[in-house]
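Following: one structure in C-alpha cells, then a few remarks.
Read-outs: derived from the displayed coordinates by stated rules, not from any lab. Quick caveat, the model's predicted, so the values are computed rather than measured. For neighbour counting, all protein chains shown are included, and Cβ atoms are generated from backbone atoms with ideal geometry for every residue, glycine included.
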Amino acid sequence: MFPKIKFKPSFFIVAAFSVCMGFGQYFLTLFILVILHELCHIFTAGIWGLKTKTVTVTPIGTYAEINGINDIHITKRLLIVLAGPLFNLALCPFCKTPLRQINFALALFNLLPLYPLDGGRIFHYIISYFTGVLRGNILAVKLSIILSMSLVSAGLVQLILCPPNISLLCLGVYFYRLNKLNTINLTYGFYKTIINKGENKIMPVRSITTSSKMELKAVLYRLGWDYYTLVYVRDNNALYAVSEEKLLSHIMKNGIKGSMLALIHSS
C-alpha cells in the first residue's frame, strides 16, 4: 500500500516563483534529489516492518510520517533518519561538479540540528534518550528556535549585501513559525507512544529515586520511549515503588499538578 502524498500550497508558490526567476531546472533537480532522499528514509524504515502513512511535500523538502518509529530501538530510529543524508553524500563521488555541490549542500543542510530536519530529529532522539522525552522535546524546540533566529539574522545580512535575495530570511521565518507549534505536536506524540507501549515488548528498565515532595511534572519528564521507568519515592523512613502505569494513571485522573506524595498515598 502506497503512502498518501500531500502537497503544501506554499510548495506550488515556490515552484512557480523559481520558474519565473529562471531557476526551474535547478528547482526540478533539487526536487528529484529530495524525493530520492525521502525514499531512502521510507525504504530503511521498511526493513524493520514500518509503514509510511503520509508523505508531505513542502517548499523546503519532504517529510514522511512513519508509523511506529518511536516503538523501535533508538539505533534503528537513528539509522532511518541518517539514511537520507548518507544517500546524498554517497552520490557525491559519482556526480559532476554542480550536482555534487547540490547533494553535498542538501546533506549538510539536513544535518543541521534544526527540527524537523534530519539533524533536528537526531538531536531530539539522542537528547530524549538521556533526559526523558518531554525534556528532550523542550530542548529540541528551544535549540531549533535559536537556530531559526540565527537564520533570520543571517537573512537580514544577506538582504543588505545581496538584494533582493531573501532565501535565508524566508527559511528562518518558516522554521521559527513551525517550531513555535512543535511543542504541542511533540508532546502529543510522546503521550501517544508512552500510553500505547506494548505489554509484550521487552525493554530495559531505568529506576529513579526521588522525594515525596518532587513535582509529578518533573518525574513525568523522565519517561522515555526506549525504556520502562520505575520510580522509588522516599517519604520519611519509607520507600515506595511507583510503576510507570500508576504514574500515568494518576496524572490522567488528577492532573499534572501536585507532588509525588499525593500519588503514593492515593488508593
| Once Lys and Arg get +1 and Asp and Glu get -1 on their Cβ, which of TYR188, ILE146, THR52 lies farthest toward the positive end of the dipole of the chain? | TYR188
| task | Considering only lysines 8 or more places apart in sequence, or on different chains, count the pairs in the range 1-111 whose C-alpha atoms sit under 25 Å apart. | result | 9
| query | Relative to the first principal axis of the alpha-carbon coordinates of the chain, what is the inclination of helix 167-195, with its axis defined by its Cα atoms, in degrees from 0 to 90 and to the nearest 10? | reply | 30
| query | Which value in deg cm²/dmol, rounded to the nearest 500, describes the helix-derived mean residue ellipticity at 222 nm for the chain, given -39,500 (n - 2.57) per DSSP H run of n ≥ 4 and division by the residue count? | reply | -20000 deg cm²/dmol
| query | Can you give the extra length, in nm with one decimal, that the chain gains between TYR240 and LYS8 once fully stretched, where that is 0.36 nm per residue apart less the Cα-Cα distance? | reply | 78.4 nm
| request: Find which of ALA241, VAL133, ASN103 sits farthest along the positive direction of the dipole of the chain, computed with +1 on the beta-carbon of Lys and Arg, -1 on that of Asp and Glu, about the Cα centre. | output: ALA241
| Counting other Cβ atoms within 10 Å of each Cβ, which GluC sites (Glu not before Pro) in the range 185-267 have at most 12 and sit in a DSSP loop? | GLU199
| With each pseudo-label sitting 7 Å past Cα toward Cβ, what's the LEU139-PHE104 distance in nm, one decimal? | 3.2
| request: Once you've got the GNM for the chain with C-alpha springs shorter than 10 Å, pick whichever of TYR188, TYR176, TYR63 has the biggest mean-square fluctuation. | output: TYR188
| If you rank HIS250, HIS73 by fewest surrounding Cβ atoms within 10 Å, what's the result? | HIS73, HIS250
| request: Report, ordered by chain and residue number, the lysines lying within cross-link reach of LYS213, taken as a straight Cα distance under 21 Å and ignoring same-chain residues fewer than 8 apart. | output: LYS246, LYS253, LYS257
| Sorted by packing (mean other beta-carbon atoms within 10 Å per residue), highest first, where do 23-32, 115-124, 222-231 land? | 115-124, 222-231, 23-32
| said: Test of understanding: what is the full-extension gain from ILE47 to THR187, defined as 0.36 nm times their sequence separation minus their Cα-Cα distance? | reply: 47.7 nm
| message | I'd like the distance separating the alpha-carbon centroids of the range 74-109 and the range 1-66, in whole Å. | response | 15
| request: Determine, from the Cβ-Cβ distance of SER207 and ASN67 and an R0 of 30 Å, the FRET efficiency 1/(1 + (r/R0)^6), rounded to the nearest 0.05. | output: 0.50
| said: Shape verdict for the range 1-111, please, from the Cα gyration tensor: rounded (a/c under 1.5), prolate (a/b greater than b/c) or oblate. | reply: oblate
| Theoretical gain in end-to-end length, ALA218 to LYS180 [0.36 nm per residue, Cα-Cα removed] | 11.5 nm
| field | Degrees between helix 74-91 axis and first principal axis of the chain (Cα, 0 to 90, nearest 10) | value | 10
| message | Take ILE74 and LEU156, extend 7 Å from each Cα along the Cα→Cβ direction, and tell me the distance between the two endpoints in nm. | response | 3.7
| Listed residues MET260, PHE7, PRO93: farthest to the positive end of the dipole of the chain (Cβ charges) | MET260
| Dipole moment magnitude, nearest 20 debye, the chain about Cα centre, only Lys, Arg, Asp, Glu C-beta charged | 280
